[in-house]
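Notes to accompany the following structure.
Coordinate-derived values only; no laboratory data. The structure presented is a predicted model; accordingly, all values stated were derived computationally and were not measured. Cβ: placed from backbone, ideal geometry, glycine included. Neighbour counts: every protein chain shown.
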Amino acid sequence: MNRAIFSIFLGALVILLISSHDTFASRQHNVPMKPPREIEHISGVFRADSITSPRVSLTFWSSDDAASRLENMQQASLARQDPDWTHIGVNLDETPDLFKDFLRRDNLSDDPNQYLAVDEVAHSLAETYGYGTWYY
């Protein structure tokens, strides 16, 4: 029993240490008040105007930022329970395989509203918005 508790504690500590490193997206900067209306991703372009739901949330997340990843999972879960809410997740990683792996781990593989931003777009979004959730 003590080994299990220690293992859980150690795993949580490792995740905390990994996710707490200072990335450019996690630093404070002059963030715009509104989220972008269009985002280019590897499958096309997301346009906020194409969503007909009265409430729309948009989360910028990365596999190496535990807080943004958790926020994306929570927002997606809440949106599944409310038909008047659409959640869009935009991953800012550079590797499609990593993106797909984390979608599988987070039980979001079947979510059609999870996108991987194109490399240069991902860098721009990370610099401008950082990680977190925006609302339309």
Inset, instruction - With a length cut of 20 Å (Cα positions projected on each helix's long axis) and a Kyte-Doolittle mean of at least 1.0, go through the chain and give me the DSSP H helices that pass. - result: 2-19
Legend entry - Relative contact order of the chain, defined on C-alpha pairs under 8 angstrom at six or more residues apart (%): 34 percent
Inset, instruction - Please state, to two decimals, what the Cα-based radius of gyration of segment 43-105 comes to when divided by 2.2 N^0.38 Å (N = residues). - result: 1.15
Legend entry - Positive-end extreme of charge dipole, the chain - chosen from 92, 123, 67 (charges on Cβ): 67
Inset, instruction - For residue 59, list long-range residues whose amide hydrogen, built 1.01 Å from N in the peptide plane, is under 5 Å from its own amide hydrogen. - result: 88, 89, 90, 134
Inset, instruction - Could you estimate the translational diffusion coefficient of the chain from the Stokes-Einstein equation, with Rh from the Kirkwood formula over C-alpha pairs, at 10 °C and 1.306 mPa s, in whole µm²/s? - result: 101 µm²/s
Legend entry - Nearest-0.05 FRET efficiency for residue 49 and residue 9, computed from C-beta distance (R0 35 Å): 0.15
